[in-house]
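Before any comments, here is the structure.
The values are calculated or read from the model by the stated rules, or taken from the named source; none is laboratory data. Everything numeric here is computed off the predicted structure, so don't read it as measured data. All Cβ positions, glycine included, derive from the backbone under ideal geometry; neighbour counts span all protein chains shown. For accessibility, only protein heavy atoms count, side chains too; no ligands or nucleic acids. Shrake-Rupley method; radii C 1.70, N 1.55, O 1.52, S 1.80 Å.
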Amino acid sequence: MTRPSFPGHSVPETTDMTVPLLDVRGLSIALPPGADRPLAVDNLTFTLNANEILCVVGESGSGKSMTAHAMMGLLPHPHVRVAGGSLLFKGKDVLAMPEAEQRNLRGGRIAMVFQEPMTALNPLMRVGRQIGESLRAHTPLPAPARRQRVVELLDQVGLPNPAELADAYPFRLSGGQRQRVMIAMALACQPDILIADEPTTALDVTTQKQILDLIRSIQAERHMGMMFITHDFGVVAEIAHRVAVMRHGRLVEYGAASDVLNRPQHPYTRQLIASVPHYIEHREDHAKVGKPLLVAEKVRKTFHVGGGLFRKSKPVVAGDDLSLTIHPGETVGLVGESGSGKSTLGRSIVGLIKPDSGRILFEGTDLLSLDAKGFRPYRRAVQMVFQDPYASLNPRHRIGDIIAQGPVAFGEDRGKALARARELLAMVGLDGSAADRFPHEFSGGQRQRVGIARALAMEPKLLVADEPVSALDVSVQGQVLELLDDIRKRLGLAMLFITHDLRVAAQVCDTIAVMRRGKIVEMGSSRQVFTHPRDAYTRSLLDAIPGKAWHIPDDLQKAPIVGAAS
Amino acid sequence: MLKLSSSSGDFWKAFARNKGAVFGLVILAGILVLAAFASVLFPGDPWDMATAPFQPPLSEGSPLGSDMLGRDIAAGIAHGARVSLLIGLTSTAAALAIGVTLGALAGFHGGRVDDAIMRFTELFQTIPNFVLAVVLVAIFTPSLTTIVAAIAIVSWPPLARLARAEFMSLRTREFVQAAITTGQSNTTIILRQILPNSLSPIIVSASLMVATAILLESSLSFLGLGDPNAMSWGYMIGAARTVIRQAWWMSFFPGLAIVLTVLALNLVGEGLNDALNPKLARSRG
């Protein structure tokens, strides 16, 4: 294939303003027979211009990633194929091109950044060589010049010591640094189009902010056309020029970012925006009444990583002097980035982890001083809702059994426990007949409801919810949060709500404790933490919330959620 | 995605997709029928002289020929099928009982218990299987019971390692943690929560182990360490090896029986693997 000179040395081609950079016309992608719908993407039409960021928004299964994969030729051949329509790159149909020409386009003119920086890099190859690969494939540059270009690229994506870093293996880099390497790799051949598929979803919120800033500045500098796939309207508000909203493979709304964000027309867009978690101003401070239900005092836990017969293990401090008080009926949010030790504290309270020192007083009794037998009565009082709705239900047991197993273990009659399970299912918004079915017949949101029913079956006083909504789609997330809030109020439960997402915490918590590197750096009422944060780290977390400048349209704040059950 | 065959129909459909497995199942069924009706098809003791010695196959009264003492080879194979299958199944069952129990305890409890059990397992793994089996049978005079015990003792370690690995990974799954927080006892968690979810790979390797056990038994009998009262394929080959150049059929037909049985079991094992681990099966396209 003949191609013009290496674009890095030539003046960028002036794009004809009448022809959009990318023109998707009536694209349809067929799924194999037996899938839940015949078309993953159904008659999709949109355009992407140079020098703009188009955000494609949708929930899981909406077909947004499929569209990107079709462009990059990444569809799982031969099961999934393009069934119709065209993808015009500068007026030329990519799908009709011969394979070799398509290959030249990919990585050269159109580049892609993936979601999971941990798996997108080859762990056995130095990062410099990985970036150099696409230069070698698409340019005639000799090795020394390639090397120089790699170092330049690493410098441009804001990595420190680029020359040294080029010789590092991926495992030495953090998640944010790897994502920067991925971006450098995508930029290597100065593409006209950059496709980013949820590039910040796997990252912590402060890292997400840095990567978004980087993406935005690089896009503006190079006048690239960018297709940014995301499920998060906060991110959309942060970077989008134009927005396309997808649902079940169809485009439901398409327009300028300010229009879609502030004046959404389609009911689905409105529902999505209404489910974006946000701090609700008028939430009242929780009146702390009576004795504290749970007091954690100076809890300390160190994990020992690695080690063996002849090697010393490396200590990792997960929790250091953690102190926390929960009153009856109060919801305490434990917020922090990954590795901050928030789950360690939660798991110590439910007795899944034994801390090294400190005390956990439940109604005055130190749970840590009890042996297994003495702890057993407290198992009922403290229950947990888990993160992953797909892993937290035994796939071989019926829903009714899953809920009834706890009470049966405490000596309740099986028939009675099963009858109670049906009542609980109704309480969490599921049909009683669900009791006879198996977990794989349910969606993520429904399974999480079952997980909540299982915890409630024990009639607990304290519910520890470990990231209960982080694996769910936004609209389902809203429903599950509402359910938790409702149940908590109805049953007068206290709750420890562990989350990495400050917006979610703001929506459901009375009190918020912010954790960083095994320590609680700030604790106070939601209102105080959100409006007058005292700690610098809390401020940086708040500052990093995507789309904080965007004000959700008033008529969509706390709007009734569409659909009763997820 | 782990799609569980909640109905047996799904399971059979997945199993039948593997043509080799169906073929294996048919052979296995034939051998089972042969073993079940051995005394009807070939009444009398297979050790008794039935015809003249050194009769070639297809001669009068002995379709597969006779051995140097005039015993009917066909009758020996039919009765030997009983011994082979009996030893294969019982020794695998015994190995499963030892291996899965130890592996489950090691994987579930971890720490010191795991260390102790795994060092014990390694003790067995460092000794060559067959040598240990020979020594055990030689010490405890050969009989069906000692042979079964010896085979079980040498073949449980891989099952223990497999069960341990399964238990270790399932132990950290959230549904097991949920079972702990809802106060279920360790026994309940091991038997009701983890074991059913770890069975697929264990069943597959157990089916292959039956084949190995049959081979081990044949090898022991070949060396003259079989039960002297039970006719077995290994014994027949062992006894006929000195006359193999004059009378090929004496060792050929029992050998063929061993090959077919072991092949059938391996095919069935592979089919089970496809049906029980759909993730792997799908990659075959």
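Results for (1) within 20 Å of the chain's Cα centre (by Cα); (2) buried (at least 20 other Cβ atoms within 10 Å of the Cβ); (3) under 20 Å from A:His304 (Cα atoms), shown as yes or no for each residue.
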| site | (1), (2), (3) |
| --- | --- |
| A:Val332 | no, yes, no |
| A:Ser340 | yes, yes, yes |
| A:Arg347 | no, yes, yes |
| A:Thr365 | no, no, no |
| A:Gly374 | no, no, no |
Would you be able to say whether some residue in region B:250-260 is within 11 Å of chain A (Cβ to nearest Cβ) and surrounded by fewer than 19 Cβ atoms within 10 Å (Cβ to Cβ)?
no
Tell me, which helices (runs of 4 or more DSSP H) wholly within region B:95-197 include 3 or more residues that are within 14 Å of chain A (Cβ to nearest Cβ) and farther than 30 Å from A:Val385 by Cβ?
B:111-125
Of those in region A:242-267 that are surrounded by fewer than 17 Cβ atoms within 10 Å (Cβ to Cβ) and not polar (S, T, N, Q), the residue nearest to A:Arg216 (Cα to Cα) is A:Ala256
Filtering region A:437-466 down to residues that are open to solvent by 10 Å² or more (accessible area, probe 1.4 Å), within 11 Å of chain B (Cβ to nearest Cβ) and assigned to a loop (DSSP other than H, G, I, E, B) yields A:Arg437, A:Phe438, A:Pro460
Yes/no for A:Arg216 being of a type in the set (D, E, K, R), outside any loop (DSSP other than H, G, I, E, B), at pLDDT below 90 and open to solvent by 40 Å² or more (accessible area, probe 1.4 Å):
no
Before we move on, is B:Asp10 within 14 Å of chain A (Cβ to nearest Cβ) and either at positive phi or open to solvent by 20 Å² or more (accessible area, probe 1.4 Å) (or both)?
yes
Under 23 Å from A:Asp213 (Cα atoms), polar (S, T, N, Q) and exposed (fewer than 14 other Cβ atoms within 10 Å of the Cβ) - does that describe any residue in region A:120-141?
no
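Condition check ((1) among the β-branched types (Val, Ile, Thr); (2) modelled with pLDDT under 90; (3) on the phi < 0 side of the Ramachandran plot) across all residues:
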site: A:Leu456; (1), (2), (3): no, no, yes
site: A:Lys461; (1), (2), (3): no, no, yes
site: A:Ala465; (1), (2), (3): no, no, yes
site: A:Val474; (1), (2), (3): yes, yes, yes
site: A:Gln477; (1), (2), (3): no, yes, yes
site: A:Val480; (1), (2), (3): yes, no, yes
site: A:Lys489; (1), (2), (3): no, yes, yes
site: A:Ala494; (1), (2), (3): no, no, yes
site: A:Phe497; (1), (2), (3): no, no, yes
Of the residues in region B:23-49, those that are surrounded by 16 or more Cβ atoms within 10 Å (Cβ to Cβ) and farther than 18 Å from B:Ala230 by Cβ number 4
Check B:Met168 against each of (1) in contact with a helix residue (DSSP H, G or I) (Cβ under 8 Å, 6 or more places away or on another chain); (2) crowded, with 18+ Cβ neighbours inside 10 Å and name the one condition it does not meet.
(2)
Criterion: open to solvent by 10 Å² or more (accessible area, probe 1.4 Å) and either modelled with pLDDT under 90 or more than 10 Å from chain B (Cβ to nearest Cβ) (or both) - qualifying residue of A:Arg379, A:Arg359:
A:Arg359
So A:His77, is it open to solvent by 70 Å² or more (accessible area, probe 1.4 Å) and either over 30 Å from A:Asp473 (Cβ atoms) or not assigned by TED's automatic domain parsing to the domain that holds A:Asp473 (or both):
yes
Residue check, B:Arg245 away from chain A (no Cβ under 14 Å), open to solvent by 30 Å² or more (accessible area, probe 1.4 Å) and more than 27 Å from the chain's Cα centre (by Cα):
yes
Checking the condition open to solvent by 30 Å² or more (accessible area, probe 1.4 Å) and among the polar types (S, T, N, Q), which residue from A:Gln156, A:Gln102 passes?
A:Gln156
Which of the residues spanning region A:362-373 are more than 15 Å from A:Arg347 (Cα to Cα) and either in contact with an Asp or Glu (Cβ under 7 Å, 6 or more places away or on another chain) or more than 13 Å from every other protein chain (Cβ to nearest Cβ) (or both)?
A:Glu363, A:Gly364, A:Thr365, A:Asp366, A:Ser369, A:Leu370, A:Asp371
I need the full set of residues from region A:409-426 which are open to solvent by 70 Å² or more (accessible area, probe 1.4 Å) and in a helix (DSSP H, G or I), in order please.
A:Arg414, A:Lys416, A:Arg420, A:Arg422, A:Glu423
Quick one: A:Ser540 ticks every box in (1) more than 20 Å from the chain's Cα centre (by Cα); (2) among the small types (Gly, Ala, Ser); (3) open to solvent by 10 Å² or more (accessible area, probe 1.4 Å) except a single one, so which number is it?
(1)
Please work out which residue is farthest from A:Pro468 (Cα to Cα), limiting yourself to region A:391-400 and to residues that are at the interface with chain B (Cβ under 9 Å from one of its Cβ atoms) and not basic (Lys, Arg).
A:His397
Of (1) surrounded by fewer than 23 Cβ atoms within 10 Å (Cβ to Cβ); (2) within 14 Å of another protein chain (Cβ to nearest Cβ); (3) in a helix (DSSP H, G or I), A:Ile353 satisfies all except one. Which?
(3)
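For every residue, the table says whether it meets (1) among the polar types (S, T, N, Q); (2) at pLDDT 85 or above; (3) more than 28 Å from the chain's Cα centre (by Cα); (4) not assigned by TED's automatic domain parsing to the domain that holds A:Ala256.
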position	(1), (2), (3), (4)
A:Leu27	no, yes, no, no
A:Arg37	no, no, no, no
A:Leu48	no, yes, no, no
A:Asn51	yes, yes, no, no
A:Gly63	no, yes, no, no
A:Val82	no, yes, yes, no
A:Gly85	no, yes, yes, no
A:Ile110	no, yes, no, no
Going by what's in this entry, would A:Val480 be described as of a type in the set (Val, Ile, Thr), within 13 Å of another protein chain (Cβ to nearest Cβ) and buried (at least 24 other Cβ atoms within 10 Å of the Cβ)?
no
Of all residues in region A:408-423, which are within 14 Å of chain B (Cβ to nearest Cβ) and more than 18 Å from A:Ala455 (Cβ to Cβ)?
A:Gly411, A:Arg414
Got a sec? Which of B:Ala78, B:Ala36, B:Ala104 is at pLDDT 90 or above, among the small types (Gly, Ala, Ser) and within 23 Å of B:Leu220 (Cα to Cα)?
B:Ala78
